[in-house]
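Okay, structure first, notes after.
The values are calculated or read from the model by the stated rules, or taken from the named source; none is laboratory data. Remember, predicted model here, so these are calculated numbers, not experimental data. Using ideal geometry, Cβ is built from the backbone for each residue, glycine included, and neighbour counts are taken over all protein chains shown. Accessible surface is based on the protein model in full, side chains and every heavy atom, while ligands, DNA and RNA are left aside. Shrake-Rupley method; radii C 1.70, N 1.55, O 1.52, S 1.80 Å.
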Amino acid sequence: MSGERDSAWRAGNCHSAYWPQHELDAFILQMAGHGRAVHAAMMLGDFDYARQQLAAAQSIGCPQLHRLSARLCAYFDQPACASTVDTH
């Protein structure tokens with residue numbers, strides 16, 4: 001089931017503007033389980049904050065959290081499908 005959601009969210013060589021909510025929620029909960037507070041809005045709106053949290057997750061040493069953060073990091077490596085809209 002997760003694969004179906006991922007493939008719907010990520011099509012071809014691009015992806016939507018945000019991570020799948022279930023992936024972000026899982027990341028936040030797992031980080032909390034390791035004593036790290038992660039702000040969901042900051043993960044969505046601040047590239048540097050998101051990268052910092054993902055790097056911190058990979059250094060924790062939990063294999064499950066490491067895999068999840070690696071999946072989330074992969075979304076930075078592909079361009080978003082959404083294009084800018086010219087309002088003029």
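Numerical summary
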{"quantity": "Filtered residues of the stretch 19-50 (kept if in contact with a Phe, Trp or Tyr (Cβ under 9 Å, 6 or more places away or on another chain), open to solvent by 40 Å² or more (accessible area, probe 1.4 Å) and modelled with pLDDT under 90)", "calculated": "44, 47"}
{"quantity": "Failed criterion for residue 3 (all others in (1) assigned to a helix (DSSP H, G or I); (2) at pLDDT 90 or above; (3) open to solvent by less than 70 Å² (accessible area, probe 1.4 Å) hold)", "calculated": "(2)"}
{"quantity": "The stretch 54-66 residues that are closer than 13 Å to residue 36 by Cα, paired with ones that are of a type in the set (Phe, Trp, Tyr) and in a helix (DSSP H, G or I) (beta carbon under 9 Å, 6 or more apart)", "calculated": "54/27; 54/76; 57/27; 65/27"}
{"quantity": "Matching residues, the stretch 53-77, being of a type in the set (Gly, Ala, Ser) and either in a helix (DSSP H, G or I) or open to solvent by less than 30 Å² (accessible area, probe 1.4 Å) (or both)", "calculated": "55, 56, 57, 59, 69, 70, 74"}
{"quantity": "Positions within the stretch 6-18 being within 18 Å of residue 69 (Cβ to Cβ) and at pLDDT 50 or above, in sequence order", "calculated": "18"}
{"quantity": "Every residue from the stretch 35-70 that is touching a Leu at 6+ places or on another chain (Cβ under 9 Å) and within 13 Å of residue 23 (Cα to Cα)", "calculated": "40, 43, 44, 54, 69, 70"}
